[in-house]
1. Counting only protein heavy atoms and using a 1.4 Å probe, what share of the accessible area of the stretch 446-603 belongs to carbon plus sulfur, as a whole percent?
2. Counting only heavy atoms of protein chains, what accessible area per residue, in Å², does the stretch 240-289 have with a probe of 1.4 Å?
3. Would you tally the net charge around residue 470, using a Cβ to Cβ cut-off of less than 12 Å, leaving residue 470 out, and scoring K and R as +1, D and E as -1?
4. Stokes-Einstein at 4 °C, 1.567 mPa s, Kirkwood radius from Cα pairs: D for the stretch 368-516 in µm² s⁻¹?
5. How do the peptides 533-542, 245-254 rank, highest first, by the average count of neighbouring beta carbon atoms within 10 Å per residue?
6. How many Å³ per residue does the convex hull of the Cα positions in the stretch 450-599 occupy?
Amino acid sequence: AKAATMSSHQRRPAREPVKSAATQRRAMTARRHEMAGAIRKAKRSHAVAVKRRVGTTTCTRSSAVSSSAQQRQQTAAAAATARSTVGAPVTDEALRAEIATLADEYIKSAGGPTEASALSALQAALAASEVTACSKAIESLICSSDGKGNKDVSPSALLLADTLAKSLSSQGATDEMRLNAARVLTNLAVCGSSEISDFSADDSYYGNVQENWCDVLVSSSAIGSLVGSFQALELQPTEQLPHQPVVALCEQCCWALGNIAGDSQRSREALRSGGIISPLVIALRFGLRLAAGASAGGNINAAEPVVGLCRNAAWALSNLARGTYSSAMPFLHMDIIGNERGLLTASDLYQILSVHELSQYDAASASNVESSWMDVANECTWLLNLLTAKEDEAVEFIFSDISTNNLFCASLTSKLAKIVGALCNSDSNVAELALRSAVPCVRIVGNIAASCEGKYVPYLLANHTGNGVDSLAVSITRIVKVGAQLGRDYAVLATEASWAAGTLLVDAGTTNHPSTAACEIFLPALCDILTSESSKIELKREAASAICNAVSAPPPGQMAAAPETSQVVRDRILIEIANTKHIAESLTSLVICFDADAVHSSLILVDIMLRRVLTNQLSSEMKTLFEEANIVDALETVCDRASATASYGSSEVWRGNGSTQEKNAEIAADLLDDIFDDDDIDDVAEGIAPHTGEAAYAFGANSTPQTFDFGLSVASNSRVSEGSMGRGRGRGRGQVIPAWMQQDN
């Protein structure tokens, strides 16, 4: 009786999403790991190659092979090419037999006078063959059969790997022999790549995975020989350019190690445990410091011989850092004193980021077919992206050096500004070049902002550069606009930039916080994305999520000082969003899409707008706009979808799974009952108690073991008894019981 006399304004208080360290930031961190693990494959122009093959036209920039050796290699390559152009084409079986013969001859000649020529012939044959056919031929070397259909690793495969290791590390070997041995190892590591995802935590899945060449190389002495090749570089003074054969060999060894690291998670773990990180870091540090010295002296061309070394070392390190569950800690020098292991320091990370200052986004860089400092900058940016996507401690480490804090943020801001300018370039090649650099750079921004409870967001949003350079917020906004306008791969970039904007807006609403000021820059572009008919659903999803971050409450710790002021600021932001043209229609259309995350963000926005704006001057207007956009039908659709996939067991207990769809149905049902239910007065007149709020049905388990509350009462012989089923709360909870719920069996 008491419940029956309750007025409508005494109902459960309006629910408002609250951002905290335990919710929004953790969710964004989880998405940060997911996005870092979902690096796009070769179909995208901004992809990073997991493996690269040494072909006939491929040579290290600093190669110093004798003319006679070049002549022998060219002769062998010409012979291999002639086989495919003169007479009958070479079959896969013939190529397998040829490569097997060459490998056998090389193994037999090891230590003899013909070793160099046999090794050169093997490398020439591998390089000159068509990629697919060559891969099949090399894979055939690894398998042996026991006659019963069972395949195992052939002893000759391990013997070939060990023989190559000896040629690579032999004191009596010539520079040409070492380089050819490294090249053959590089090509072996390309072939037979694991079919399992490169980012899976367990490549074995169910059962055993057939071993490939990378597994053979890891189990052989080849890894030790590749690592040993860096010793000459470690002893070299930083300011002095070493002999070209040393640089060429180290460059090729980085290439081979990068291919092995790009094969699978098990290969990466084996390499990391084998201490491969330190030699690669030393090689990268050596090349970058040499380039920095040459640039400071006004002669960057003096560092051209180490371009390939820097590119391959950064690429190999980024392959080692891949994997959703890989840690960044093995790459970083966390000790205060000493750096005997040669790991990355905070100063190194700043230098890695600032490589972009050595090059420009112009037609010359876009048309350069050789390795350039632009390629080095791209690989270094991917490395930083992967490291910052791991533990928060990695981001803390970047900012641990006070002397480089502002420099790091200034370099990141400057690079984004350069990328934006290049994206708008009329030369499509220059724009494509900028696109390849933009994705990892934007992700670095999001990774830093989403980590460490947003500690470094003020660093990112501060204007470190001046001199007419756009701030980071302006650059991110321009990327969103340009990407949405150009579409295709650029739309993917706009999606990434919208996500990064969302990470920077978590603290919006806090008085005197840079995120609050950044709303004026971010929100107009994000609202335009949301209301645009041409925007893809992925882009709208990220835009809606970013806007949610701006209008939701900041983390509790930041609200404690002045919660009233924070509410006023957020309400002002919310009213500006509510006044956006077509916002109601756009959010309504997003509510009924089939992307659960997009539905969730749009529902939260609708919920906040209707509940908070109702307390301001736009109450009737806002509700009317949404009703005209058919929001009621959209909300009912969300509830119906959850009901259609639900499991009710004995028709008395809801068996929810806590999915996003279930949470969406919760919000939709509450909106229908609290905002759009006009039958409460009639319910009270009929003596039916309105919803009291606490033990109510949710699209999950009730707080008390009540029966399912989804419509009118049914016959007493039903499994859903009349005493356990009320009329419901209105449209959100349903007024008609489905026939299947009334079945006894």
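1. Values: 3130 of 5890 Å².
C and S atoms contribute 53 percent here.
2. Details: 1270 Å² over 50 residues.
Here the per-residue accessible area is 25 Å².
3. Working: positive: 415, 418, 478; negative: none.
Computed value for this residue: +3.
4. Values: Rh = 15.7 Å.
Here the translational diffusion coefficient equals 83 µm²/s.
5. Numbers: 533-542: 19.0, 245-254: 26.9.
Result, highest mean Cβ count within 10 Å first: 245-254, 533-542.
6. Values: hull volume 17.9 nm³, N = 150.
Value for the stretch 450-599: 120 Å³ per residue.
The values are calculated or read from the model by the stated rules, or taken from the named source; none is laboratory data. All figures in this text were calculated on a predicted structure; none of them were measured in a lab. We place every Cβ from the backbone using ideal geometry, glycine too, and count neighbours over all the protein chains shown. Just so you know, the surface numbers come from the protein's heavy atoms only, side chains and all, with ligands and any DNA or RNA stripped out. Shrake-Rupley method; radii C 1.70, N 1.55, O 1.52, S 1.80 Å.
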